[in-house]
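The values are calculated or read from the model by the stated rules, or taken from the named source; none is laboratory data. Since the structure is predicted, the reported quantities are computational estimates derived from the model, not experimental observations. Virtual Cβ from ideal backbone geometry, glycine too; neighbours counted across all protein chains shown. These area figures cover heavy atoms from the full protein model, side chains too; ligands, DNA and RNA do not enter into them. Shrake-Rupley method; radii C 1.70, N 1.55, O 1.52, S 1.80 Å.
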Amino acid sequence: MSLHGHATSIFFDLGESARNADFVGEVEIISGAQLSVSANGDGGTSESCGVVYTAVVRTAVKGAQVGETIKFGRYTGRGIGARYVVFLSTAGGRLDSTYGAYRDPLLNLPPGAEAAARQRCEAQLPALRETGQGLGTLPIEYLPRQSRAGYETGVALSTQRYRVAADLPGMCGNGDSVADRGQRICFGVPFEVKTKDLLQWLSKAMEDTRR
């Protein structure tokens, strides 16, 4: 079974995830490879274990150096040549969500599905894993509303899926914004934040924790 890069019933907290992830930063994907194993161990029909991506670190907040090459996976749909802000966990780490979907009650998977997937795929997967069942990999895109002074890139976040702190610089896609218990809420549109502002905010969030 191939598990794609969407989540069903999880909520991703940017600040908490930055503090608990093993790598946080901006990366550019330079290659990707499908991970497949034989379904019956006989070299016949294969089953997908996801994808492993090779990426160059363009901005490092935590866990690596700029220019370093890393490998991570396993969710599909990442673009070669595209850039992402990523929150990655080491295998078995606090944020490792590699097999999280197997425990999602909305998917109603049969008993033993998670154990079977671990036995089948674990040896194929890279040490760094995507978090939040894929939500921890944020695609960087052009933000036209924020580009009056030049070409600006950033990420667009649904506040139904992501906890966006009220002090995170940015705006709702329609310009409206509501703060509720320290969280920014956008209605029907994503919250847009520039890449550099997001990375600076994440770095500060980790520094505040150390004090």
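List every residue pair whose Cβ atoms sit under 6 Å apart, with the two residues 6 or more apart in sequence or on different chains, where the first one lies in the stretch 152-167 and is closer than 15 Å to Val189 by Cα and in a loop (DSSP other than H, G, I, E, B) and the second, anywhere, is open to solvent by 10 Å² or more (accessible area, probe 1.4 Å) and among the β-branched types (Val, Ile, Thr).
From residues that are closer than 15 Å to Val189 by Cα and in a loop (DSSP other than H, G, I, E, B), the pairs are Thr159/Ile185.
Select from the stretch 69-95 the residues that are touching a strand residue (DSSP E or B) at 6+ places or on another chain (Cβ under 6 Å), hydroxyl-bearing (Ser, Thr, Tyr) and not in a loop (DSSP other than H, G, I, E, B) and write down the one among them that is least open to solvent (accessible area, probe 1.4 Å).
Among those that are touching a strand residue (DSSP E or B) at 6+ places or on another chain (Cβ under 6 Å), hydroxyl-bearing (Ser, Thr, Tyr) and not in a loop (DSSP other than H, G, I, E, B), it is Ser89.
Which residues, taken from the stretch 52-95, are modelled with pLDDT of 95 or more, closer than 15 Å to Pro126 by Cα and charged (D, E, K, R)?
Matches in the stretch 52-95: Lys71 only.
Consider Gly154 carefully, then state whether it is more than 13 Å from the chain's Cα centre (by Cα), open to solvent by less than 30 Å² (accessible area, probe 1.4 Å) and within 18 Å of Thr195 (Cβ to Cβ).
yes
Does the stretch 172-211 hold any residues that are at pLDDT below 85 and within 21 Å of Val27 (Cβ to Cβ), and which are they?
Within the stretch 172-211, just Met206 meets the criteria.
Being surrounded by 15 or more Cβ atoms within 10 Å (Cβ to Cβ) and either modelled with pLDDT of 95 or more or in a loop (DSSP other than H, G, I, E, B) (or both) is the filter here; which residues of the stretch 140-151 pass it?
Ile140, Leu143
Could you figure out which of (1) assigned to a helix (DSSP H, G or I); (2) at pLDDT below 90; (3) among the polar types (S, T, N, Q) isn't true of Thr8?
All conditions are met except number (1).
In this structure, is Gly25 more than 26 Å from Leu109 (Cα to Cα), modelled with pLDDT of 95 or more and open to solvent by less than 10 Å² (accessible area, probe 1.4 Å)? Talk me through it step by step, then tell me what you get.
Working: more than 26 Å from Leu109 (Cα to Cα): yes; modelled with pLDDT of 95 or more: yes; open to solvent by less than 10 Å² (accessible area, probe 1.4 Å): yes.
Judged against the criteria, Gly25 is a match.
So, in the stretch 96-115, how many residues would count as being in a helix (DSSP H, G or I) and surrounded by 13 or more Cβ atoms within 10 Å (Cβ to Cβ)?
Adding up the residues that qualify gives 5.
Within the set of pairs 6+ apart or on separate chains, which have a first residue in the stretch 108-130 that is farther than 30 Å from Gly25 by Cβ, a second that is surrounded by fewer than 16 Cβ atoms within 10 Å (Cβ to Cβ), and C-beta atoms under 6 Å apart?
Arg120/Val37
Give the residue that is nearest to Leu88 (Cα to Cα), with candidates limited to residues of the stretch 117-139 that are open to solvent by 30 Å² or more (accessible area, probe 1.4 Å) and not aliphatic (A, V, I, L, M).
Filtering first and then ranking leaves Pro139.
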